[in-house]
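What follows draws every value from the coordinates through simple rules; no lab data is involved. Worth saying up front: this structure is predicted, and the values here are computed from it rather than measured. Cβ sites come from the backbone with ideal geometry, for glycine too, and all protein chains shown count toward neighbours.
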Amino acid sequence: MNNAEPFIGIFWFYNGIVMFPHAVPLSKGIHYGNAITGTKDHADYWEELRKEALSILPAHLRTEYFSIPRGRVVYHSDTDQFFVYHGNNLKKKDLQQVAKLFHLPKKKTIFEQDLHYCDYSDKDWSTIFG
């Protein structure tokens, strides 16, 4: 059994692996009401990564932080649960990689698709929002 402190934060997922995670121990997170989140957001951290790390991606995927699937791990103290918010592009095995990397306790982890992280670039928005 892994007794490591769980982490919270942000991540991207590309080509079958978690990429560019910014994870901080739960005890070092930022409190927002009942939620505890990491210390970085996707847009600002992407700009930091642009200097060197993004060079491993194809050029057309380096322009915007939302060009590849991404998500966020947040702890909710009111329910004592970790939420992995993600888009519509991640499969169960992908999410299991995230949970393992962030040391999330299986019985306290919820995977929740969030519209904010979804890729609807190939969809007709009227079918989504009626």
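If you take the residues of region 46-66 that are of a type in the set (A, V, I, L, M, F, W, C) and in a helix (DSSP H, G or I), which of them is surrounded by the most Cβ atoms within 10 Å (Cβ to Cβ)? First the steps, then the outcome.
Applying the first criterion (of a type in the set (A, V, I, L, M, F, W, C)) to region 46-66 yields 46, 49, 53-54, 56-57, 59, 61, 66.
From the residues that got through so far, the ones that are in a helix (DSSP H, G or I) too are 46, 49, 53-54, 56, 59, 61.
Values: Trp46: 22, Leu49: 18, Ala53: 14, Leu54: 19, Ile56: 12, Ala59: 8, Leu61: 13.
The selected residue is Trp46.
Looking at region 13-25, can you tell me whether even one residue there is under 16 Å from Gln113 (Cβ atoms) and touching a residue at least 24 places away in the same chain (Cβ under 8 Å)?
Applying the first criterion (under 16 Å from Gln113 (Cβ atoms)) to region 13-25 yields 13.
Filter again for touching a residue at least 24 places away in the same chain (Cβ under 8 Å), leaving 13.
So far as region 13-25 goes, yes, one or more of its residues are under 16 Å from Gln113 (Cβ atoms) and touching a residue at least 24 places away in the same chain (Cβ under 8 Å).
Every condition in (1) among the small types (Gly, Ala, Ser); (2) surrounded by 12 or more Cβ atoms within 10 Å (Cβ to Cβ); (3) on the phi < 0 side of the Ramachandran plot is met by Ala43 except one, and the failing one is (2). Consider region 26-45 and keep the residues that are assigned to a helix (DSSP H, G or I) and aliphatic (A, V, I, L, M). The one that is nearest to Asp114 (Cα to Cα) is Ala43.
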